[in-house]
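Below: one structure, written as structure tokens.
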Amino acid sequence: MNVLFIEDDRMNRRVVRDMLDVAGASMMEAESAEEGLAALDAQTFDMLLIDLRMPGMDGITAIEHIRARNDAKATVPIIVITADTALDLRERCIAAGADEVLFKPVAMDALFEAMGRILARDAQDGMIV
């Protein structure tokens, strides 16, 4: 599995990379939403992990840009990983096009369960990634 993690904090990226290494997944890192969108233009990913609060473009705006694409990359599964605790946050992320929302600090089992739910859903829908 090839994952892109868009997150401005280097330590958070390292923690998630270590988790994904356990599962045998490869992870590319982007330090900003703009860098992540450019990476998505250049490469195909099986799943995106996106933080919400980053300098420049925020994660929700990035998700909206991805979902507005006119190609197959518009449907890439997206998991938000955030420390934001706004009451309506989950609903805003889902409305923007996120598939799952996880809160920091994210536990490895919670990340893998969310990824598994998305993969199972896509396999059931005939969209095996």
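Rounded to the nearest 500 deg cm²/dmol, what is the calculated helix-only ellipticity per residue at 222 nm for the chain, with -39500 (n - 2.57) per DSSP H run of length n ≥ 4? Kindly include the intermediate steps, with their values, before the conclusion.
Details: 5 runs with 57 residues, N = 129.
Only helices count here, giving -13500 deg cm²/dmol.
Could you give the alpha-carbon Rg of the stretch 67-129 over 2.2 N^0.38 Å, rounded to two decimals?
Numbers: Rg = 12.6 Å, N = 63, 2.2 N^0.38 = 10.6 Å.
This ratio for the stretch 67-129 stands at 1.19.
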Problem set entry | Loop-located trypsin sites (Lys or Arg not before Pro) in the stretch 1-98 whose Cβ has at most 14 other Cβ within 10 Å (DSSP) | 53, 69
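Compute the relative contact order of the stretch 1-114 as a whole-number percentage, counting only Cα pairs closer than 8 Å that sit 6 or more residues apart in sequence. Can you show the working numbers first?
Numbers: 184 pairs, mean separation 26.2, N = 114.
That works out to 23 percent.
Once fully extended, how much extra length lies between residue 14 and residue 74, figured as 0.36 nm per residue of separation less the alpha-carbon to alpha-carbon distance?
19.0 nm
Let me know the whole percent of all Cα-Cα pairs from the chain that are separated by more than 27 Å.
Working: 707 of 8256 pairs.
That tail contains 9 percent of the Cα-Cα pairs.
Could you list the GluC sites (Glu not before Pro) in the stretch 38-129 that lie in coil according to DSSP, counting only those with at most 14 other Cβ atoms within 10 Å of their Cβ?
Numbers: sites: 64, 91, 100, 113; in loops: none.
Counting only loop positions with at most 14 other Cβ atoms within 10 Å, none of the GluC sites (Glu not before Pro) in the stretch 38-129 qualifies.
Throughout, read-outs are computed from the coordinates displayed, never taken from laboratory work. All figures in this text were calculated on a predicted structure; none of them were measured in a lab. When we count neighbours, we look across all protein chains shown, and the Cβ atoms used for this are built from the backbone with ideal geometry, even at glycine.
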